[in-house]
Amino acid sequence: MKDPLVYADHILRSVSQIEKYIEGYNRETFSKDKMRYDAILRNLQTMAEATQRLPEEIKENYPNIPWKDIAGFRNILVHDYLGDLDEDIIWSIVVHELRPIKEAIKEILS
């Protein structure tokens with residue numbers, strides 16, 4: 001198993017990329033830029049995959065982070081081959097849900 005900090009770094013980099021991608025965008029413009037949307041989905045997938053590889057001992061220290069929900073979300077991202085993802089939910093996640101994850105990961109890395 002790799003050093004857990006490698007996975008934490010993947011998470012932080014993915015969240016940072018998503019933040020860059022949504023800068024200056026709102027819900028409407030987000031939907032229209034399909035390449036940006038795809039890039040965000042890819043980074044969400046990378047982030048969620050990396051959270052699954054963090055040891056349980058680390059995750060237990062951050063009970064406010066919905067680790068199991070993130071794992072479930074990863075499965076939806078990966079296995080929803082028909083592209084039926086709800087753009088409103090994706091937008092809500094990137095705008096409201098990533099900050100607590102980012103803060104927890106920064107703490108883990110420090």
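Annotations for the structure displayed:
- Distance (nanometres) between label positions extended 7 Å along Cα→Cβ at Lys32 and Leu5: 4.4 nm
- Computed about the Cα centre, the dipole magnitude for the chain is approximately 280 debye when only Lys and Arg (+1) and Asp and Glu (-1) carry charge, each at its Cβ.
- Spatially close Lys pairs in the chain, defined by Cα atoms under 27 Å apart and a spacing of eight or more places or different chains, total 17.
- Residue-count net charge about Leu85 - beta-carbon cut-off 13 Å; Lys, Arg +1, Asp, Glu -1: -3
- Calculated [θ] (222 nm, deg cm²/dmol) that DSSP helices of n ≥ 4 give over the chain, each run adding -39,500 (n - 2.57): -22500 deg cm²/dmol
Coordinate-derived values only; no laboratory data. No experiment lies behind these values; they were computed from the predicted model shown. Cβ coordinates were reconstructed from backbone atoms using ideal geometry, including for glycine residues, and neighbour counts include every protein chain displayed.
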